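In what follows, a structure is listed as structure tokens, so that the remarks can point back to it.
The values are calculated or read from the model by the stated rules, or taken from the named source; none is laboratory data. All values derive from a computational prediction rather than experimental measurement. Positions of Cβ are backbone-derived with ideal geometry, glycine not excepted, and every protein chain shown enters the neighbour counts.
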Ligand SMILES: Cc1cc2nc3c(=O)[nH]c(=O)nc-3n(C[C@H](O)[C@H](O)[C@H](O)COP(=O)(O)OP(=O)(O)OC[C@H]3O[C@@H](n4cnc5c(N)ncnc54)[C@H](O)[C@@H]3O)c2cc1C
């Protein structure tokens, strides 16, 4: 496989690097009250540069980048440790709106998503409908100019910040559970909506329950046709699953891990000298290299005009497993330095600092194999689509 970049591509890579280096300021964690403002401020910078929505068609404000340029951009972002844009507006609902929405909806919502005026969240999952999403039971009863929505959504990331939520709702009972589902855009300020926080195992608040009690939603907020929402929902999930390999992010994390593991304590020893640690590290590096080449093959086929198929499930499974394996090593590293010889205060402080950082990432990281469609479900997709089982 020829993976050499052209001179234009290399010039583009330098431009991306320079922009990130000069414009990006680290965004504080989600427990910080400034988190939303900081993310919006960064997205507005990307928007001003014309880079906030590389995946959109140019007529709506996307870039006209080639597949290779998109690949370079994502790689540089990951290597620089810059968080991806919040996906719910830019990467999830926007493609549904520009593909299936009417002209009024496109004119009303897309510019505000592009400029980060509106923060969106995703109302798909319910207490009885996660992997089996079509089992959802939140109802929307047609009543003249409005739908009346009643029900409960769960695991709604960043609902506490959101101006809008896109929801799958049941508008009728079909022969199959996939029938009778509709796709509604709902203003979070509408009376009858309650957001209840869920604090996750890392002690942070990004998840929520969203309750709907006789919420009036104008029928003009329906995307496409009533009862055809499953088609639009599936299109959105395909967008959600691409880009979950996170090769560049994992590469950066591995480099940092190796650097940290090289610090000497315990009478001149460092963790990088430990044969068991070395073995685990090289296992992960090999897996990551294999994933990188798989991702490049997917990009090469997209550059040749192909569409990502079940490969995106493969990238999601391996990408999340590798991230979790690195997070486990980060914790082991913290334990190694934290348990340094008595009296080695510097090493213990190092262990403490590493542990503080690694613990939160490890704990939230458990969720990566669940959200965006669990890895077990992705394996089912591969079994059906590739193995024909
Ligand atoms: C951090 C986080 C953020 C999230 N953010 C959002 C959000 O913003 N909006 C939103 O709508 N949802 C969100 N979700 C929900 C997420 O999409 C669901 O958790 C996911 O789809 C799994 O559904 P479930 O939790 O109901 O688990 P279940 O579907 O009940 O699954 C439980 C277990 O059974 C396994 N399983 C289920 N079915 C099968 C099968 N057919 N074959 C083999 N194994 C199976 C699963 O893999 C899993 O291990 C989020 C979840 C997490 C953890």
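Before moving on, here are some points about what is shown:
- From the options 219, 157, 138, residue that is under 29 Å from residue 106 (Cβ atoms) and surrounded by 21 or more Cβ atoms within 10 Å (Cβ to Cβ): 138
- Test: residue in the stretch 254-267 that is modelled with pLDDT of 95 or more and part of a loop (DSSP other than H, G, I, E, B): no
- Test: residue in the stretch 257-272 that is on the phi > 0 side of the Ramachandran plot and touching a helix residue (DSSP H, G or I) at 6+ places or on another chain (Cβ under 8 Å): yes
- Take the conditions (1) over 22 Å from the mean Cα position of the chain (by Cα); (2) under 30 Å from residue 204 (Cα atoms); residue 313 misses just one of them, which is (1).
- Here residue 104 does not qualify as closer than 22 Å to residue 252 by Cα and in contact (Cβ under 8 Å) with a residue 24 or more places away in the chain.
- Residue count, the stretch 71-92 (criterion: under 18 Å from residue 29 (Cα atoms) and within 16 Å of the ligand (Cβ to nearest atom)): 5
- Exactly one residue out of 168, 222, 185, 216 is under 20 Å from the mean Cα position of the chain (by Cα) and touching a residue at least 12 places away in the same chain (Cβ under 8 Å), and it is 168.
- A residue that is under 27 Å from residue 364 (Cβ atoms), out of contact with any helix residue (DSSP H, G or I) (no Cβ under 8 Å at 6 or more places or on another chain) and assigned to a helix (DSSP H, G or I) occurs nowhere in the stretch 188-197.
- Only one of the numbered conditions (1) touching a strand residue (DSSP E or B) at 6+ places or on another chain (Cβ under 9 Å); (2) within 12 Å of the ligand (Cβ to nearest atom); (3) more than 30 Å from residue 42 (Cβ to Cβ); (4) outside any strand (DSSP E or B) is not met by residue 137, and that is (2).
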